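Asker: Pasting in a structure now, in structure tokens, and then I'll have a few things to ask.
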Amino acid sequence: MAGNLVTELSNLNEKEALTIVKSRLSAGENPTRILSDVRSAMEIVGKRFEKKEYFIPDLVYSGEILNEITEIVKPRMTGALATKKRGKVIIGTVVGDIHDIGKNIVTFMLDTSGFEVHDLGVDIPPQVFVDKITETRAPVVLLSGFLTLAFDSMKQTVDAIKAAGLRDKVKICIGGGQIDDNVRKYTGADDWGPDAMTAVSFSRKWIGGK
Amino acid sequence: MAKTIEKSPAALYQEREKRIEDAIALGVPDRVPVIVSFSYFAAKYYGITLKEAMFDGAKMAAAWEKTITDFQPDAYENPFGTRHVGMLSEIIDYKMMRWPGHGVGDNVNFQYLDFENLKADEYDEFLFDPTDFILRKFWPRVFGNLEGVENLPPLRMIHSYGGFNSLAGLNTPEMDRVFATLDKARKQAAINAAASSAYARKMEDLGFPAVSGPSSIVPFDLISDQFRGTRGAMVDMYRRPDKLLMAIDKVLPMILDQAITAGKKMNCKRVFIPLHKGQEFFMSREQYQTFYWPGFRALMVGLIDAGLNPCPFVEGEYTSRLEFLADVPPGKVCYRFENVDFARAKEILKGHACIEGGMPISLMCTGTPEDVKARCKQMIDTVGKDGGYIMNAGVGLDNAKEENIRAMIDFTKEYGVYKK
């Protein structure tokens, strides 16, 4: 009898989790059921991160185990895994800034929380954000930046969204190492946050979800 | 009316140096010292691009000199080490950084790229002979124009009679290219070093002590930043914690040796130590206690034993780590904080270490001089109350407003005087 995948994966027990996945697959189980357990486990990981029981190394390690499981399970998949997403969120590091650790953590957290994340990457010009809003009609935009030059890039991005007539269609939250309420006021964003949890609760507030 | 006597640069130098030393020794100086990191603000203030600073040493030195003499902080920063390395970076084809005019805009600060230069299965090789690993594995991965050096025979076996025949391994077309690169690089590095020393002498002649002398690095950060990458080092905490700890132990004496040797040649005992991966968001308290703090503390104690003052630049959020930071020999360390609860820092570090910082960079970039003065007053009244405090902003002032920098420095000089 295989152990509990949700427990082992959420406790970051790599060997145990992989053993369970392999034995369930060789027992002929439908891969989508395994991936559904994986998703539940990752939700627990995300919750523990929110409660500060887990930290970035734990998230990164859970991501490593997740990749290994996906590698094993994917070849057995017959169709795509249909998951219902909560809503769309656009995220990117603003122009001039190429830092991505914080942005990637937010993307990871939003993804495990069930949002459809459109991660534009780093060094993203304002117009690219505007185009993505037009294309996806996402109601939440998250701007990331680590350097102080990002203050101006964030302001320019908010201004470009305004100029495109989209400001009342989206809620904008800014985040990064130097960000605080002074910067929020300066940029004209709706909210700011020092960590990934703020981004998740901001998205939940404007899109919904538990 | 009393006649104001202009102080000589030499007298000003002594006065400023003593002010900083007194604060670090947890004494009460004549007033709160005020130090800033102008960073690329100096280029903008002087009217050159960041790219010009990166590539033209004379213009850069002029920009920083004008900025420091105009604003008159208590110490000067030497930008040569990291803000004037454009030519050298291009000669070696340095891969781990983008700099103004090379991967980022002409007016955008240099930014670091995260690489895995030591693969998970290469720890043993590194632990066996770090110098050989750095020469033959690290260099060609990080310095594009030194590719080919990986085909050298291990130099550790070239010593004995007959063994020296292995020098033939250095006589290959690809080593011709490596030697040509090294020849250009050493000459450029020597030019940079001479310009850096000349600038340092000039600033001292003008009456300014250095903010810091040698730079150093916490063992975990060295392994994470340069060798395993952020992700690699984090995963190693789970998959190969013993190897990670062995690597940390291995690099500590290497780091100490470098900083202490550099310190002996410099006119400043303060060692700049930027902290990268140990902040609250980056690892748990338990991970910090296991992988970060022991090497960090051993580094500080080693530097102190050599007569130096560790000055860690505590980047990120650090309030929950303050109890660790207090466990150092008293009156020797100066922590410059970016984000911390300063009242709590004062409470915990009092009698142990000097506190530097307290001016949020967001205020310097978006606030008014009145906001800045109010924050200075609050910091001086609380954290600065009985010495052991240096005014500074959280990070470099690259994009700060000129009038806010003036307000911060001038107000601190006026309001920060200690009453005897």
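Laboratory data are not the source of any read-out in this text; all were calculated from the coordinates shown. From a predicted model like this one, the values you see are computed outputs, not experimental measurements. FYI the Cβ positions are ideal-geometry reconstructions off the backbone, even for glycines, and counts take in every protein chain you see.
Asker: Once amide H atoms are built 1.01 Å from N in the peptide plane, which residues 5 or more positions from B:MET283, or in another chain, come under 5 Å H to H?
Answerer: A:ILE56
Asker: Towards the positive end of the charge dipole of chain B, with charges on Cβ (+1 Lys, Arg; -1 Asp, Glu), say which of B:ASN171, B:ALA43, B:TYR418 has the farthest Cα.
Answerer: Value: B:TYR418.
Asker: Using all Cα-Cα distances in segment B:82-224, what percent lands in each 5 angstrom bin from 0 up to the longest?
Answerer: In order of increasing distance, the bins hold 2, 8, 12, 15, 17, 17, 12, 8, 5, 2, 1, 0 percent.
Asker: Continuing with the same structure: Summarise the partner chain shielding of B:284-297 as one whole number: the mean count of Cβ atoms from other chains within 10 Å of each residue's Cβ.
Answerer: Other-chain Cβ atoms within 10 Å of each residue's Cβ, averaged: 1.
Asker: For B:TYR415 and B:LYS377 in the same chain, what is the full-extension length gain: residue separation times 0.36 nm, less their Cα-Cα distance, in nm?
Answerer: Answer, rounded to one decimal: 13.0 nm.
Asker: Fewest first, what order do B:ARG83, B:ARG231, A:ARG33 take by the number of other Cβ atoms within 10 Å?
Answerer: Sorted ascending by nearby Cβ count, the order is A:ARG33, B:ARG231, B:ARG83.
Asker: Hull surface divided by four, with the convex hull built on the Cα atoms of segment B:284-420: how many nm²?
Answerer: Average projection, Cα convex hull of segment B:284-420: 8.9 nm².
Asker: Separate question: Could you order the peptides B:123-129, A:140-146, B:49-55 from most to least packed, using the average number of other C-beta atoms within 10 Å per residue?
Answerer: Highest to lowest by the protection proxy: A:140-146, B:49-55, B:123-129.
Asker: Mind checking which aspartates and glutamates have their Cα closer than 17 Å to the Cα of B:LYS269? Skip sequence neighbours fewer than 8 apart in that chain.
Answerer: The reachable aspartates and glutamates, counting only those whose Cα sits under 17 Å from B:LYS269, are B:GLU15, B:GLU17, B:GLU21, B:ASP22, B:ASP74, B:GLU77, B:GLU204, B:ASP257, B:ASP305, B:GLU356.
Asker: Using only the alpha carbons of the protein assembly as shown, determine the length spanned along each of the three principal axes and report them from longest to shortest in whole angstroms.
Answerer: For the protein assembly as shown, the Cα spread along each principal axis is 95, 77, 46 Å.
Asker: Further question: Once the principal axes of the Cα atoms of segment A:1-150 are found, what is the range along each, listed largest first in whole angstroms?
Answerer: If we take the Cα atoms of segment A:1-150, the spans are 55, 33, 23 Å.
Asker: Per the Kirkwood treatment, what hydrodynamic radius in Å, one decimal, follows for segment B:365-420 from the mean inverse distance over all distinct Cα pairs?
Answerer: In segment B:365-420 this quantity evaluates to 11.7 Å.
Asker: Report, as a whole number in µm² per second, the diffusion coefficient that Stokes-Einstein gives for segment B:13-132 at 20 °C and 1.002 mPa s using the Kirkwood radius over alpha carbon pairs.
Answerer: Stokes-Einstein gives a translational diffusion coefficient of 125 µm²/s.
Asker: Continuing with this model, one more query. For every helix of n ≥ 4 consecutive DSSP H residues, a contribution of -39,500 (n - 2.57) applies; sum these over chain B, divide by its total residues, and give [θ] at 222 nm rounded to the nearest 500 deg cm²/dmol.
Answerer: -14000 deg cm²/dmol
Asker: Let me ask you something else. So how do A:VAL60, A:VAL21 line up by other beta-carbon neighbours within 10 Å, fewest first?
Answerer: Neighbour counts put them in this order, fewest first: A:VAL60, A:VAL21.
Asker: I would also like to ask the following. Relative to the longest principal Cα axis of chain A, at what angle does helix A:56-73 sit, 0 to 90 degrees, rounded to 10?
Answerer: Taking the Cα atoms of chain A, the angle to A:56-73 is about 50 degrees.
Asker: In the neighborhood of A:GLY92, defined by Cβ-to-Cβ distances under 12 Å, what is the net charge if each Lys or Arg adds +1 and each Asp or Glu adds -1?
Answerer: -3
Asker: Report, as a whole number in µm² per second, the diffusion coefficient that Stokes-Einstein gives for chain B at 10 °C and 1.306 mPa s using the Kirkwood radius over alpha carbon pairs.
Answerer: My calculation gives 69 µm²/s for D.
Asker: Now for a separate question. Using the Karplus curve 6.51 cos²θ - 1.76 cosθ + 1.60 with θ = phi - 60°, work out ³J(HN,Hα) for each residue of segment B:184-198 in order, rounded to whole Hz, and write x for Gly and Pro.
Answerer: 5, 5, 5, 5, 5, 4, 5, 4, 4, 5, 5, 5, 5, 5, 5
Asker: What average count of beta carbons from other chains do you get within 10 Å of the Cβ of residues in B:360-367?
Answerer: If you average over the peptide's residues, the count of other-chain Cβ atoms is 6.
Asker: Starting from 0 in steps of 5 Å, tell me what percent of the Cα-Cα pairs of segment A:82-205 lands in each bin.
Answerer: Final binned percentages: 2, 13, 26, 27, 21, 9, 2, 1, 0.
Asker: Quick one: what are the phi-derived ³J(HN,Hα) couplings along segment B:291-306, Karplus 6.51/-1.76/1.60 with θ = phi - 60°, whole Hz, x for glycine and proline?
Answerer: Here the 3J(HN,Hα) series is 9, 10, 4, x, x, 5, 5, 4, 4, 5, 5, x, 5, 5, 4, 8 Hz.
Asker: Continuing with the same structure: So what's Rg/Rh here for segment A:5-76, counting alpha carbon atoms and using the Kirkwood radius for Rh?
Answerer: 0.98
Asker: If we count other beta carbons within 10 Å of each Cβ, what is the order of A:TYR61, B:TYR415, fewest first?
Answerer: Ascending Cβ contact count within 10 Å gives the list B:TYR415, A:TYR61.
Asker: Separate question: Please build a GNM for chain B, connecting alpha carbons under 10 Å apart, and tell me which residue among B:ILE20, B:ILE390, B:ILE48 fluctuates the most.
Answerer: B:ILE48
Asker: Count, for each residue of A:54-66, the Cβ atoms from other chains sitting within 10 Å of its Cβ, then give me the mean as a whole number.
Answerer: 5
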